[in-house]
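To start, the structure under review is shown below, and the notes come after it.
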Ligand code: ADP
């Protein structure tokens with residue numbers, strides 16, 4: 001016990017714990033040699049084997065097998081040093097088979113734990129693959145549905161125009177052309193969203209950092225949305241906040257796209273007459289923008305789901321290709337793109353809402369964090385290389 005304790009436990013506290021275990025082990029060892037029944041050892045071997053963590057086993061560290069091996073070697077050494085040859089032989093003949101039994105039992109248990117862990121991992125991968133498969137199928141049905149609506153529109157206008165041209169009455173076609181263009185614009189925006197999602201998924205989103213004030217982005221968005229907001233009798237208030245005038249380096253086009261997606265949703269999921277407020281503040285190293293609405297809100301369980309691709313898959317019947325119509329669900333890509341863009345900047349996005357209720361309208365608040373970069377990452381890289389060159 002002394003030898004083993006000295007070799008395996010480095011500090012006093014550990015040694016005390018180990019001694020207790022060793023005492024139990026050697027008592028059982030004596031018990032086993034007298035009865036000849038190895039089952040005496042099972043409980044302690046199992047306890048020891050269980051103490052190896054899955055991580056140890058995963059990394060190939062078979063600690064308990066190692067300890068028993070060392071104990072066996074030390075027993076041989078001590079027997080040789082302190083006993084007569086005959087005594088040593090007698091002792092070793094009695095205990096070595098028990099050590100060997102212990103090694104076998106522990107190795108088996110460690111292997112079983114490792115195999116169980118690996119099959120657990122495989123099950124996880126299998127589940128993930130099933131999810132991917134389901135989301136692929138869902139993608140096809142949503143994509144097909146979303147694309148079909150504008151195609152039907154364009155198709156309708158085209159045949160109407162064809163009929164009118166055949167009749168040759170010289171009826172003006174500009175209204176129909178405008179309708180067609182609306183359909184084409186919608187098609188393009190869906191396809192663009194799909195391409196963006198695929199770029200984000202494959203880490204191919206390239207950011208073009210330019211200095212801008214968040215205020216400018218918000219003003220442009222307010223302007224772009226003003227007509228829709230008026231149509232929906234809503235109020236869109238963009239407040240000035242600490243940080244809104246700070247010049248920061250971002251990909252302004254992409255940040256605008258992210259904020260636009262959030263704002264368009266705020267309009268879409270807020271009933272006529274509702275209110276949307278954009279505010280913010282500066283946090284250490286970050287600018288926080290908050291987009292609050294008085295809309296239908298989001299249930300707690302959906303608050304994480306909506307940032308996934310096709311966050312609203314369950315409600316296929318709602319998909320209506322509406323960008324800002326009340327509850328006119330889109331393909332469910334807007335927030336996942338927004339999240340991808342913010343994460344590519346090193347920022348983040350989350351939502352707070354007291355739940356989903358179309359009558360009470362508890363509203364939602366989207367929080368966006370944008371890192372404050374006072375110089376372009378490319379400039380920083382360039383400077384770094386400059387300095388390295390100078391050193392050479
Ligand atoms: P969609 O194209 O469906 O709008 P998004 O990714 O933009 O896709 O949003 C995902 C889902 O999150 C929406 O379908 C909607 O259910 C929910 N959602 C997003 N913004 C809001 C909001 N401001 N209020 C209530 N629900 C929202």
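Readers should treat all values here as calculations from the given coordinates under stated rules, not as data from a laboratory. The model shown is predicted, which means the values in this text are computed figures rather than measured ones. Please note: Cβ atoms are built from the backbone with ideal geometry, for glycine as well, and neighbour counts cover all protein chains shown.
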Please report the equivalent ellipsoid semi-axes of segment 58-136, computed as sqrt(5 x eigenvalue) of the Cα gyration tensor, largest first, in whole Å. 47, 10, 4
Could you give the angle, 0 to 90 degrees to the nearest 10, between helix 377-391's Cα long axis and the longest principal axis of the Cα atoms of the chain? 60
Label point distance in nm, residue 151-residue 115, each placed 7 Å from Cα along Cα→Cβ: 5.2
Given the Cα-Cα distance of residue 136 and residue 160 and 0.36 nm per residue of separation, how much length would full extension add, in nm? 5.1 nm
Cβ-derived FRET efficiency at R0 45 Å, residue 198 paired with residue 360, nearest 0.05: 0.75
Would you mind telling me which residue in 173, 218, 286 has the biggest mean-square fluctuation in a Gaussian network model of the chain, where springs connect alpha carbons within a distance under 10 angstrom? 173
Quick one: compute a quarter of the convex hull surface over the Cα atoms of the chain and quote it in nm². 34.9
Whole-Å semi-axes of the ellipsoid equivalent to segment 145-243 (Cα gyration tensor, √5λ, descending): 37, 22, 12
What's the angle, to the nearest 10 degrees (0 to 90), between helix 334-344's Cα axis and the longest principal axis of the chain? 60
Looking only at 233, 169, 222, which one moves most when the chain is put into a Gaussian network model with springs between Cα atoms under 10 Å? 169
Using a Gaussian network model of the chain whose springs link C-alpha atoms within less than 10 Å, name the residue from 199, 111, 180 with the highest mean-square fluctuation. 111
Helix 39-51 vs. the chain, principal-axis angle (Cα, 0 to 90°, nearest 10): 40
How do 209, 366 rank when sorted from fewest to most other Cβ atoms within 10 Å of their own Cβ? 209, 366
In the chain the DSSP beta bridges are antiparallel at a rate, in percent to nearest 5, of 85
